[in-house]
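The values are calculated or read from the model by the stated rules, or taken from the named source; none is laboratory data. In this text the structure is predicted, and so the values were computed from the model without any measurement. In this analysis, Cβ positions are derived from the backbone assuming ideal geometry, glycine residues included, and neighbour counts consider all displayed protein chains. Calculation scope for accessible area: heavy atoms of the full protein, side chains included, ligands and nucleic acids excluded. Shrake-Rupley method; radii C 1.70, N 1.55, O 1.52, S 1.80 Å.
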Amino acid sequence: MLWGGFLSNDNAPDVSRNASMLSALVNIGLDVLLVIVFPFGVAGAAIATGLALLVGLAYLFVRIRNRNGHLDLRRFQFTLRLADWRELLRSGFPSFVSELSVAVGFLLINRNLLPYGTLAVSAFGVVSLLSNLFLRLFTASMLAVQPIMAFNIGARNPRRVLETLRFALIFSFAVGIGVFLVGAFLANFMIDIVSGDESGEFKRVAAQAILLSFVLFLATGSNYILVMYIQIIGKAVLSTTINIARGFVLIALFLFLLPDPLQMHLNGIWLARPFAEISLLLGLSGYLWFRRNVFFSDDAILKRAA
């Protein structure tokens with residue numbers, strides 16, 4: 001992940017992409033070999049994953065050594081550079097908080113599902129798997145525009161930064177509509193793929209869970225882009241606060257309000273995360289627009305390049 005990120009910012013996203021594809025193909029092949037041909041079970045699957053990642057890492061190592069880029073292992077010297085740690089921590093802390101708060105949010109949802117029985121908990125497993133797959137689309141969009149924005153901030157070209165931001169917001173919203181429609185019309189098809197031969201009652205619960213949970217994709221892509229933009233222009237404290245509210249606070253609030261006080265019961269749990277994403281998007285968009293001179297002016301964008 002580290003080398004792939006550096007290569008994407010070093011004008012070689014194709015190398016990072018190829019490494020991911022190579023690892024995936026090797027993983028699939030080794031899964032067949034170590035789980036089906038040689039019945040090693042879960043241990044075989046774990047070994048396949050580890051070996052596949054090592055193959056991808058070896059590919060990156062060879063490509064880095066053989067290309068003429070800024071990332072050059074031949075001139076690498078190990079140094080601690082303690083003075084730079086503060087800036088690294090300040091820039092990376094919002095992303096760390098985001099991952100942690102999302103994990104806590106998932107735990108809260110799972111805990112609130114326990115009174116509804118094993119069918120609801122199992123359906124949440126299907127929703128989580130499918131959601132994580134589709135969320136990769138928005139993560140990829142965010143990672144694609146991040147180096148473009150960072151480059152243009154360094155090049156002192158704020159107009160290009162805002163053009164990229166607008167395109168990313170429109171693109172992510174369009175993808176979100178497409179994913180929501182997939183969940184609305186192809187829920188049973190996806191359940192058959194990932195869950196196999198399950199009861200009709202389970203499929204009914206899982207289909208309803210997918211339909212309601214996939215509402216989050218109407219807002220989550222835009223939230224990804226906006227939070228990334230806030231982080232990239234140096235507003236680390238605000239970005240951290242938003243990530244905590246998005247992944248934990250708002251989910252906890254709607255889990256408290258929707259199931260019992262508003263009598264939505266199980267549907268309220270499925271809607272807690274979508275409501276959290278939509279309310280954040282509405283609130284964050286309004287706040288940024290109200291203070292647009294602070295967040296979208298040339299001075300705000302170029303301050304990070306100073």
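So what's the projected area for segment 1-76, the Cα convex hull averaged over all directions, in nm²? Walk me through the numbers before you get to the answer.
On the way: hull surface 20.6 nm².
So the mean shadow area of the Cα hull is 5.2 nm².
Round to a whole number: what % of the accessible area of the chain belongs to carbon and sulfur, probe 1.4 Å? Don't skip to the answer; put the middle values down first.
Details: 12000 of 17520 Å².
Carbon and sulfur: 68 percent of the exposed surface of the chain.
Give me the Kirkwood hydrodynamic radius of segment 148-239, using the inverse of the mean 1/r over all pairs of distinct Cα atoms, in Å to one decimal.
Numbers: mean 1/r = 0.0647 Å⁻¹.
Every distinct Cα pair counted, the radius reaches 15.5 Å.
Would you mind computing, in nm to one decimal, how far apart the modelled labels at Leu25 and Asp192 are, each placed 7 Å from Cα along Cα→Cβ?
So the two model labels end up 3.0 nm from each other.
Quick one: accessible area per residue over segment 231-306, 1.4 Å probe, rounded to a whole number of Å²?
Values: 3880 Å² over 76 residues.
I get 51 Å² per residue for this part.
Roll a 1.4 Å probe over the protein chains and send me the accessible area per residue for segment 20-150 in Å². Walk me through the intermediate numbers first.
Details: 8700 Å² over 131 residues.
For segment 20-150, the solvent-accessible area averages 66 Å² per residue.
Quick check: residue separation of Leu33 and Arg204 times 0.36 nm, minus the Cα distance between them. What number comes out in nm?
So the extension gain works out to 58.1 nm.
Kindly state, to the nearest 0.05, the FRET efficiency for Ala184 paired with Leu2, given R0 = 41 Å and r defined as their beta-carbon distance.
For R0 = 41 Å, the calculated efficiency reads 0.60.
What's the extension gain from Arg17 to Tyr116 if we count 0.36 nm per residue and subtract their Cα-Cα distance?
Values: separation 99, 0.36 × 99 = 35.64 nm, distance 4.16 nm.
Extra length available between Arg17 and Tyr116 comes to 31.5 nm.
Evaluate 2.2 N^0.38 Å with N set to the residue count of the chain, then give the Cα radius of gyration divided by it.
Working: Rg = 21.7 Å, N = 306, 2.2 N^0.38 = 19.4 Å.
Normalised by 2.2 N^0.38 Å, the Cα Rg of the chain equals 1.12.
Which helices of the chain meet both criteria: a Cα extent of 18 Å or more along the helical axis and a mean Kyte-Doolittle score no lower than 1.0, with helices taken as whole DSSP H segments? Mind showing how you got there, number by number?
Details: long enough: 13-31 (27 Å, 0.36); 41-66 (38 Å, 1.47); 85-113 (41 Å, 0.56); 118-154 (52 Å, 1.47); 158-185 (41 Å, 1.40); 200-213 (19 Å, 0.56); 217-232 (23 Å, 1.27); 265-290 (36 Å, 0.87).
Qualifying helices: 41-66, 118-154, 158-185, 217-232.
Over the chain, what is the relative contact order in percent, taking alpha-carbon pairs closer than 8 angstrom and at least six residues apart? Spell out each step's value before the answer.
Details: 296 pairs, mean separation 58.8, N = 306.
Reported as a whole number, the value is 19 percent.
What is the pair-distance distribution P(r) of segment 1-156, computed from all Cα-Cα distances in 10 Å bins starting at 0, with each bin given as a whole percent?
Result, from short to long distances: 9, 23, 33, 24, 10, 2 percent.
What per residue convex hull volume, in Å³, do the alpha-carbon atoms of segment 193-294 yield? Write down the numbers at each step before the final one.
On the way: hull volume 11.3 nm³, N = 102.
Once divided by residue count, the hull of segment 193-294 is 111 Å³.
Would you kindly state the longest site-free stretch of the chain, with sites defined as trypsin sites (Lys or Arg not before Pro) in a DSSP loop (not H, G, I, E, B) surrounded by at most 16 other Cβ atoms within 10 Å? Walk me through the numbers before you get to the answer.
On the way: sites that count: Arg67, Arg81, Arg156, Arg291.
Longest gap between qualifying sites, sites excluded: 157-290.
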